[in-house]
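Step one of this worksheet: look at the structure below.
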Amino acid sequence: MVGCQQILRFEDRNDGRIDIVCSGELVAIPPSPKRAHQGWRYLEEGSAPSEDGDGSGLAELPPRLYGKLAALALV
């Protein structure tokens, strides 16, 4: 998620669906590294990411690749 809006209200529509009315202001969310999904515990030991570092794997990325991913707000 890179941004969020405040939900103001819910409105019923004539066709049975509901509209979600949001504020016009979009608030930027700064990117932050996340830990690996717990699904890793179901992988074979050699296939799962190591527990070294913060668990994000960012330390192993080549600096140039990290820079490009950071410019795209992906890390």
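The values are calculated or read from the model by the stated rules, or taken from the named source; none is laboratory data. None of these values were measured; they are calculated from a predicted model. Positions of Cβ are generated from backbone atoms using ideal geometry, with glycine treated the same way; all protein chains shown enter the neighbour counts.
So, in the stretch 2-33, of the ones that are part of a loop (DSSP other than H, G, I, E, B) and basic (Lys, Arg), which residue ends up farthest from Leu58 (Cα to Cα)?
We begin by selecting, within the stretch 2-33, every residue part of a loop (DSSP other than H, G, I, E, B); these are 2, 5-6, 13-17, 23-26, 29-33.
If we keep only those that are basic (Lys, Arg) too, we end up with 13, 17.
Numbers: Arg13: 46, Arg17: 43 Å.
That would be Arg13.
Looking at (1) of a type in the set (Lys, Arg); (2) surrounded by fewer than 10 Cβ atoms within 10 Å (Cβ to Cβ); (3) modelled with pLDDT under 85, which one does Arg13 not meet, given that it meets all the others?
(3)
Any residue in the stretch 1-24 that's on the phi > 0 side of the Ramachandran plot and charged (D, E, K, R): show its pairings with residues that are assigned to a loop (DSSP other than H, G, I, E, B) and surrounded by 10 or more Cβ atoms within 10 Å (Cβ to Cβ) at Cβ separation under 7 Å, as long as the two are six or more apart or on different chains.
none
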